[in-house]
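The values are calculated or read from the model by the stated rules, or taken from the named source; none is laboratory data. All values derive from a computational prediction rather than experimental measurement. Every residue, glycine among them, receives a Cβ derived from its backbone with ideal geometry; neighbour counts consider all protein chains shown. Keep in mind that these areas ignore ligands, DNA and RNA; they rest on the heavy atoms of the full protein, side chains included. Shrake-Rupley method; radii C 1.70, N 1.55, O 1.52, S 1.80 Å.
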Amino acid sequence: MTVPQSDRLAAVAPPGGAPAHGAAGAAPAGGSGAFDGVLTVLDVGGTTLRTGSYDPVTASVTRVRRVPVEGMARHPRDPVAVLQQRVVDQIVHEAGRHTPRTAPRAVGVAFAGPISAGGLVLAAPTVWGRRGDPLPLAELLTERIGVPVVVVNDLTAAAWRYAATETEPFCLITVSSGIGNKVFRGGDVLLDADGHGGELGHWVCDPSPGAPLCDCGGRGHLGAIASGRGVLAAVRRAADADPSGFARSGLAARCGGRVSGIDNPAIAAAVREEDAFTTRVLRGTLTHLAQAVAAVFTSIGVCRYVVMGGFALAIGERYRELLVGELVRLGCFGLDAAAVDAMVSLGRPDDDHGLIGVGRLLADRLSRAGAR
């Protein structure tokens with residue numbers, strides 16, 4: 001099966017070079033083209049920018065630094081063009097701060113948004129909101145940092161981490177400030193050359209006029225309902241609508257009885273403790289996510305789903321159980337409850353997916369460039 005390699009950029013390997021690795025996705029361990037130098041990697045999400053050093057030999061990251069992204073979460077009144085410039089400036093600053101004395105060999109950036117084959121950011125709803133003009137991020141960063149820069153979608157990057165251990169086609173789903181997914185089959189991501197695909201967070205699951213507003217400006221999108229931000233908004237609405245139920249909940253005890261005090265850490269803790277009020281609201285949002293997963297399964301037959309992202313992993317196993325419960329209730333055609341339970345797993349309990357993944361990808365590019 002051949003699919004477009006829209007996130008497999010050629011910032012390091014020139015056009016006409018060898019294609020990327022298959023399912024394993026790891027850089028070669030030896031040979032004339034092997035690259036074993038430490039690389040600078042960044043992961044730009046909706047709320048946090050992470051910078052680290054990736055070691056291809058150990059497939060690990062060190063010296064990880066986390067800072068808030070200079071996007072709409074910090075500057076909600078700024079127009080898209082200003083936010084784009086802020087984010088570009090911040091990436092350049094953090095890359096320089098990470099290696100202040102010598103320029104890195106190359107830089108890898110995992111970015112929260114659809115990316116074209118040319119390194120063009122087509123949209124970034126969780127970073128700068130409404131679409132705005134496409135941003136040639138790879139080109140801008142290469143010019144300003146002065147070394148080759150590879151820019152890929154954050155979930156595509158994460159797949160390079162999980163593809164090293166997953167032996168069958170899988171769908172990677174992230175539930176954090178937004179929702180995204182990528183389907184991988186035979187080592188390739190199912191996207192077109194313009195980066196379309198893997199954006200379940202923008203599936204319209206509630207077409208009503210008063211549906212929750214997505215960061216992109218649309219209404220009723222899955223990400224507006226079932227992401228960390230969506231669940232937070234839903235819990236606050238429920239607390240306002242049922243003040244007595246909220247007052248009796250374990251969540252209220254964590255928030256001093258104030259709706260304004262509700263936040264995602266409190267929600268995650270309440271669900272882990274099986275607080276009935278909070279769990280009921282979360283389950284209502286998971287119905288939509290389960291519908292999306294069931295649609296992927298019934299349409300293309302992918303039987304492995306790895307769920308990651310800060311919000312889902314903060315809740316942990318209880319999140320997986322509730323999602324599986326909704327999948328079983330709705331039904332996955334041809335599968336019994338045990339099979340549905342077996343097909344959903346949680347990602348690793350850290351936030352290094354993008355850093356490790358883009359490090360693997362970047363090391364692969366460098367090793368192939370060196371082999372020619």
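Give the residue, chosen from SER260, SER227, SER249, that is of a type in the set (S, T, N, Q) and open to solvent by 30 Å² or more (accessible area, probe 1.4 Å).
Numbers: SER227 fails: open to solvent by 30 Å² or more (accessible area, probe 1.4 Å); SER249 fails: open to solvent by 30 Å² or more (accessible area, probe 1.4 Å).
After ruling out the rest, the residue left standing is SER260.
Being surrounded by fewer than 18 Cβ atoms within 10 Å (Cβ to Cβ) and part of a helix (DSSP H, G or I) is the filter here, so list the residues in the stretch 300-319 that pass it.
ILE300, GLU317, ARG318
What number of residues within the stretch 320-353 satisfy the criterion of being in contact with a Leu (Cβ under 7 Å, 6 or more places away or on another chain), part of a helix (DSSP H, G or I) and open to solvent by less than 30 Å² (accessible area, probe 1.4 Å)? So that I can check it myself, show each step before the final result.
The initial filter retains those residues of the stretch 320-353 that are in contact with a Leu (Cβ under 7 Å, 6 or more places away or on another chain), namely 320, 322-323, 326, 340, 344, 346-347, 349.
If we keep only those that are part of a helix (DSSP H, G or I) too, we end up with 320, 322-323, 326, 340.
Next cut, open to solvent by less than 30 Å² (accessible area, probe 1.4 Å) only: 322-323, 326, 340.
Within the stretch 320-353, residues that are in contact with a Leu (Cβ under 7 Å, 6 or more places away or on another chain), part of a helix (DSSP H, G or I) and open to solvent by less than 30 Å² (accessible area, probe 1.4 Å) number 4.
Which members of the stretch 68-81 meet the condition of being part of a helix (DSSP H, G or I) and open to solvent by 60 Å² or more (accessible area, probe 1.4 Å)?
Passing the criteria: only ALA81.
Looking at (1) under 30 Å from GLY198 (Cβ atoms); (2) at pLDDT 95 or above, can you tell me which one ARG348 breaks?
Failed condition: (2).
Does ARG65 meet the test of being within 17 Å of the chain's Cα centre (by Cα) and either part of a strand (DSSP E or B) or at pLDDT 90 or above (or both)? So that I can check it myself, show each step before the final result.
Details: within 17 Å of the chain's Cα centre (by Cα): no; either part of a strand (DSSP E or B) or at pLDDT 90 or above (or both): yes.
In short, no.
Quick one: would you say SER208 is among the hydroxyl-bearing types (Ser, Thr, Tyr), open to solvent by 20 Å² or more (accessible area, probe 1.4 Å), over 23 Å from VAL80 (Cα atoms) and assigned to a helix (DSSP H, G or I)?
Values: among the hydroxyl-bearing types (Ser, Thr, Tyr): yes; open to solvent by 20 Å² or more (accessible area, probe 1.4 Å): yes; over 23 Å from VAL80 (Cα atoms): yes; assigned to a helix (DSSP H, G or I): no.
No; evaluated as a whole, the condition is false for this residue.
Would you call PRO243 out of contact with any Cys (no Cβ under 8 Å at 6 or more places or on another chain), within 26 Å of VAL44 (Cα to Cα) and open to solvent by 70 Å² or more (accessible area, probe 1.4 Å)?
Working: out of contact with any Cys (no Cβ under 8 Å at 6 or more places or on another chain): yes; within 26 Å of VAL44 (Cα to Cα): no; open to solvent by 70 Å² or more (accessible area, probe 1.4 Å): yes.
No.
Filter the stretch 116-148 for residues that are open to solvent by less than 20 Å² (accessible area, probe 1.4 Å), more than 19 Å from ARG219 (Cα to Cα) and at pLDDT below 90 and give the result.
Selection gives SER116, GLY119.
For the stretch 218-233, which positions are assigned to a helix (DSSP H, G or I) and in contact with a Gly (Cβ under 6 Å, 6 or more places away or on another chain)?
Here is the first cut: in the stretch 218-233, the ones assigned to a helix (DSSP H, G or I) are 222-226, 228-233.
The answer is LEU222, GLY223, ALA224.
Scan the stretch 302-321 for residues that are touching a residue at least 40 places away in the same chain (Cβ under 8 Å) and over 18 Å from the mean Cα position of the chain (by Cα) and report the count. Please lay out each step first, then the result.
Initial filter on the stretch 302-321 (touching a residue at least 40 places away in the same chain (Cβ under 8 Å)): 302-312, 314-316, 318-319.
Of the ones still in play, those that are also over 18 Å from the mean Cα position of the chain (by Cα) are 302-303, 318.
Qualifying residue count for the region: 3.
Checking GLY201 against (1) closer than 26 Å to TYR162 by Cα; (2) open to solvent by 30 Å² or more (accessible area, probe 1.4 Å): exactly one of these is not met. Which one?
That leaves (2) as the condition not met.
Residue check: is VAL271 open to solvent by less than 10 Å² (accessible area, probe 1.4 Å) and either closer than 23 Å to THR47 by Cα or of a type in the set (D, E, K, R) (or both)? If you could, list the steps in order and put the result at the bottom.
Working: open to solvent by less than 10 Å² (accessible area, probe 1.4 Å): yes; either closer than 23 Å to THR47 by Cα or of a type in the set (D, E, K, R) (or both): yes.
Against the criterion (open to solvent by less than 10 Å² (accessible area, probe 1.4 Å) and either closer than 23 Å to THR47 by Cα or of a type in the set (D, E, K, R) (or both)), VAL271 qualifies.
Pull up the stretch 84-106, narrow it to residues that are free of Cβ contacts under 8 Å to residues at least 40 places away in the same chain and in a loop (DSSP other than H, G, I, E, B), then point me to the one that is nearest to the chain's Cα centre (by Cα).
Filtering first and then ranking leaves PRO100.
Test of understanding: among LEU172, LEU155, LEU191, which residue is assigned to a strand (DSSP E or B), in contact (Cβ under 8 Å) with a residue 12 or more places away in the chain and surrounded by 24 or more Cβ atoms within 10 Å (Cβ to Cβ)?
Working: LEU155 fails: assigned to a strand (DSSP E or B); LEU191 fails: assigned to a strand (DSSP E or B).
Matching residue, one of LEU172, LEU155, LEU191: LEU172.
Give me a count of the residues in the stretch 244-275 that are acidic (Asp, Glu) and closer than 21 Å to SER176 by Cβ. If you could, list the steps in order and put the result at the bottom.
Going through the stretch 244-275, the residues acidic (Asp, Glu) turn out to be 263, 273-275.
Next, from what is left, pick out any that are closer than 21 Å to SER176 by Cβ: 263.
The total comes to 1.
Can you tell me which residues in the stretch 175-188 are on the phi > 0 side of the Ramachandran plot and open to solvent by 20 Å² or more (accessible area, probe 1.4 Å)? Can you show your working first?
Kept after step one, since they are on the phi > 0 side of the Ramachandran plot, are these residues of the stretch 175-188: 186-187.
Result: GLY186, single match.
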